[in-house]
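> Here it is: the structure, laid out below.
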Amino acid sequence: MLGSLTGREERPERIKVWDPVVRLFHWALVGFFAFSFFTGDEWKSAHILSGYMIGVLVAIRVVWGLFGSEHARFVNFVRNPVTVLRFLADTARMRAKRYIGHNPAGGAMVIGLLLMIAGIVTTGTMMTTDAFWGIEWVEDTHKTLVYSTVGLIVLHILGILLASIEHRENLVRAMITGWKRRN
């Protein structure tokens, strides 16, 4: 009834999974990270501003991971390492359980990416201070974290493609629209 009043028809076979905060965070982080990666030393002021924006995004996501909607909360998708490894083994055999929210590997990836990006923001901020400007280990750590994060991003994309194939659903579309198949 409500769907007909609002002009939006509700579909019982679909479920709203990703709320606007999660989706906006995700795509804004993609954009700002790519921008920061490709500007680097070439456009320093914009790179630094983008880094601060990434820091704000990470802080928002951490708060949302504690107090946000059901599928956004860490408690609903962070699993122990044994569960993650079992899930990955099942995935390798193309028989992994389908999850409505993040699967165990996806949950581990969320935490890994948040930690890596927080490290990038921290070392990037350190490089703008008098105390750490020009200190080689800070710059080396920043670069190492950036390229390690790029590696995680590649694994993240491959995991999304594999899960999309295995479970016959478009996970990229789900992160755009917020909706997934119920079963």
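> Pulled fully out, how much extra length does the chain show between Met94 and Arg73, if you take 0.36 nm times their separation in residues and subtract their Cα-Cα distance?
That pair, Met94 and Arg73, stretches by 4.9 nm at full extension.
> Turning to a different aspect of this structure: Just want to confirm a number: the relative contact order over the chain, from Cα pairs under 8 angstrom separated by 6+ residues, in percent. Mind showing how you got there, number by number?
On the way: 166 pairs, mean separation 51.0, N = 183.
Here the relative contact order equals 28 percent.
> If you count only protein heavy atoms with a 1.4 Å probe, what accessible area per residue comes out for the chain, rounded to a whole Å²? Don't jump to the answer; show the numbers that get you there.
Numbers: 11570 Å² over 183 residues.
Per-residue value: 63 Å².
> Carbon and sulfur together cover what percent of the accessible area of the stretch 30-178 at a 1.4 Å probe radius?
70 percent
> Here's something else I'd like to know. Show me, for the stretch 23-31, the HN-Hα J-couplings you get by feeding each phi into the Karplus relation (A = 6.51, B = -1.76, C = 1.60, θ = phi - 60°), rounded to Hz, glycine and proline as x.
Working through the residues one at a time gives 5, 5, 4, 4, 6, 5, 5, 4, x Hz.
> Which semi-axes, in whole Å and largest first, does the equivalent ellipsoid of the chain have when worked out from the alpha carbon gyration tensor as the square roots of 5 times its eigenvalues?
Ellipsoid half-lengths, sorted descending, are 33, 21, 14 Å.
> Taking amide H positions as placed in the peptide plane 1.01 Å from N, state which residues far from Arg14 in sequence (5 or more) or on other chains have amide H under 5 Å from it.
Arg182
> A further question follows. For the stretch 110-123, in order, what is each residue's ³J(HN,Hα) by Karplus, 6.51 cos²θ - 1.76 cosθ + 1.60 with θ = phi - 60°, in whole Hz (x at glycine and Pro)?
With coefficients 6.51, -1.76 and 1.60, one gets 4, 5, x, 5, 4, 5, 4, 5, 4, x, 5, 4, 4, 5 Hz.
> Let me ask you something else. Could you give me the ³J(HN,Hα) list for the stretch 126-140, computed from phi with Karplus coefficients 6.51, -1.76, 1.60 and θ = phi - 60°, whole Hz, x at Gly and Pro?
Those phi angles translate into 4, 5, 8, 9, 4, 5, 10, 5, x, 7, 4, 5, 5, 5, 5 Hz.
> If you don't mind, another one. Can you give me the distance in nm between label points at Glu42 and Glu169, each placed 7 Å from the Cα along the Cα-to-Cβ direction?
Label-label distance for Glu42 and Glu169, simple model: 3.9 nm.
> Can you give the extra length, in nm with one decimal, that the chain gains between Leu49 and Val150 once fully stretched, where that is 0.36 nm per residue apart less the Cα-Cα distance?
34.4 nm
> For a protection proxy built on the mean count of beta-carbon atoms within 10 angstrom, sort 173-183, 15-25, 105-115 highest first, please.
The packing order, highest mean first, is 105-115, 15-25, 173-183.
> Where in the stretch 100-139 does the label zone of His26 land, with the point 7 angstrom along Cα→C-beta and an amide N cut-off under 16 Å?
The answer is 100-114, whose backbone nitrogens lie closer than 16 Å to the label point.
> Sticking with this structure for a sec: Using a Förster radius of 35 Å, what is the FRET efficiency between Glu13 and Thr129 based on their Cβ-Cβ separation? Nearest 0.05, please. All intermediate terms of the calculation are to be shown ahead of the outcome.
On the way: r = 53 Å, r/R0 = 1.52.
Computed FRET efficiency for Glu13 and Thr129 comes out at 0.05.
> Can you give me the Rg/Rh ratio for the stretch 22-93, using Cα atoms for both radii and the Kirkwood formula for Rh?
When Rh is taken as the Kirkwood radius, the ratio is 1.14.
> Show that you can apply the helix-only estimate: for the chain, add -39,500 (n - 2.57) for every DSSP H stretch of four or more residues, divide by all residues, and state [θ] at 222 nm to the nearest 500.
Using -39500 (n - 2.57) per qualifying helix, the result is -23000 deg cm²/dmol.
The values are calculated or read from the model by the stated rules, or taken from the named source; none is laboratory data. Owing to the predicted nature of the structure, the values given are computational and were not obtained by experimental measurement. Counting neighbours? That spans all protein chains shown, and the Cβs are built from the backbone with ideal geometry, glycine included. The area values use the complete protein model at the heavy-atom level, side chains included, leaving out ligands, DNA and RNA. Shrake-Rupley method; radii C 1.70, N 1.55, O 1.52, S 1.80 Å.
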